[in-house]
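The values are calculated or read from the model by the stated rules, or taken from the named source; none is laboratory data. Remember, predicted model here, so these are calculated numbers, not experimental data. We place every Cβ from the backbone using ideal geometry, glycine too, and count neighbours over all the protein chains shown.
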Amino acid sequence: MNGSLEEHQRELPTIIIEDEPIVEPRCNGDMVTPSTSNYLSSELDEGKKSVGTQTTTCLPSTENLMAIIERLNNQITDLKRKLSEAENAKVDAQKAQATSQLPLIMFEQQLKTNDEMCTFYTGFKVDQLQAVISFAAVDKIHYWGNTLINEPGRLECSSKPQGRTRTYTQAQELLLFFMRLRGGFLLDDIAYRFSLSPSYVSRMVLMWTQILFKKFDSVREYMFTPRHIINKHLPARFKKFKNIRVIIDCAEIRCEKSSSFEQQGNCYSEYKAHTTYKFLIGCTPNGGVSFVSNLMEGSIHDRAIVIESGLVQLLEEGDLVLADRGFTIRDLTDEKGAVLKIPAFLKGRDKLTPQEEMATKEIAANRIFVEHVVGRLRNFRIFQRVVP
């Protein structure tokens, strides 16, 4: 055993440590400490040999240490280069994003100082648009794609958002939304005008459609103006209808044909000779909209839409309702203690009595206000063509 150990000692310069912990040599250079690197560890592992109860450690050569240091320095240089490239790419992306937002930002600033321009593109004056934006604002929203839920103080998706985060403010997105409604601009047109993608504009329009529906649906009861406020501002021409609460009528919007024959039949309107959505709308004597029902199938009868809309539940005793002949709902209004005023029916007679003719003319002359309201809806060009 001793002879074998002496032969090893002659062949390799070794440090023999008996019953002592092995202290690995370190190279404390300016750049790196090789004893902490994987490269040096592998070198030392190869140099370690056990002979009996003694352990020998072979020091790496100077050339190996220099090679290890050079490789580590090259890695550091490469990582610094990649980090610099990533930072430059981030700066370029931020500049590109700011440049793409510039057209919409400039357009928004122009609208804020021009009532006529704002009305043309959105249908609202500047102060009205700001009021609608403030009303529609929500704490947290995600793009369309998941089920929207309504929680106290916020409206958000029930799952995590997908895709990139929102780039534009809610006011800017609502501006594009009202441009879509008022001007009937195509999605591609809006996208090209403001350097956006058509898919982004489409998702944004769908998202705000859902949000605004939930927002206005939550205040539908408060939109129905109380009678004492109406009487306080009642126009002179309505003096004969002192207790008037609402003037109602139905309107229809042409829609695309469904692939289902059953739905085609339900949505087909003989009046429009087309598939339509039908809704009930009510206004005050001053022409302000006070009630709007949900959209229903075009073939639904006026009486049925009144029942489905929940309008009767909002009426109070003594309220006066002006309507057309098609609203045969006198039994419903009588149950609430309200009064229904509609033009008289001939009921097999050749003509109306003079009193009935006079009453019919007065009703028709005052019902014109709700028809004006429906006409104002037609100014939103998206309703002038077939909607999806």
Does Ile300 meet the test of being assigned to a helix (DSSP H, G or I) and more than 26 Å from the chain's Cα centre (by Cα)? no
Suppose we keep only residues that are among the hydrophobic types (A, V, I, L, M, F, W, C) and over 21 Å from Tyr268 (Cα atoms) within the range 365-376. Which one would you say is farthest from the chain's Cα centre (by Cα)? Ala365
Residues located in the range 303-321, provided they are under 17 Å from Asn266 (Cα atoms) and surrounded by 19 or more Cβ atoms within 10 Å (Cβ to Cβ): Ile305
Based on what the data block shows, is Ala365 touching a residue at least 40 places away in the same chain (Cβ under 8 Å) and assigned to a helix (DSSP H, G or I)? yes
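Please verify whether Ala359 is under 30 Å from Arg254 (Cα atoms) and at pLDDT below 90, treating the condition exactly as stated.
Values: under 30 Å from Arg254 (Cα atoms): no; at pLDDT below 90: yes.
Against the criterion (under 30 Å from Arg254 (Cα atoms) and at pLDDT below 90), Ala359 does not qualify.
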Picked from the range 324-356 (must be at pLDDT 90 or above and basic (Lys, Arg)), the residue nearest to the chain's Cα centre (by Cα) is Lys336
In this structure, does Thr353 turn out to be over 30 Å from Glu256 (Cβ atoms), surrounded by 12 or more Cβ atoms within 10 Å (Cβ to Cβ), among the β-branched types (Val, Ile, Thr) and in the same structural domain as Pro285 (by TED's automatic domain parsing)? no
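Considering each of Ser195, Ser218, Ser202 in turn, give the residue that is surrounded by fewer than 18 Cβ atoms within 10 Å (Cβ to Cβ) and within 27 Å of Ile281 (Cβ to Cβ).
On the way: Ser195 fails: within 27 Å of Ile281 (Cβ to Cβ); Ser202 fails: within 27 Å of Ile281 (Cβ to Cβ).
Just a single option satisfies the conditions, and that option is Ser218.
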Residue, surrounded by the most Cβ atoms within 10 Å (Cβ to Cβ), within the range 279-302, restricted to residues that are polar (S, T, N, Q) and more than 19 Å from Phe383 (Cβ to Cβ): Thr284
In the range 329-352, which residues are touching a strand residue (DSSP E or B) at 6+ places or on another chain (Cβ under 9 Å) and assigned to a loop (DSSP other than H, G, I, E, B)? Ile329, Ala338, Ile342
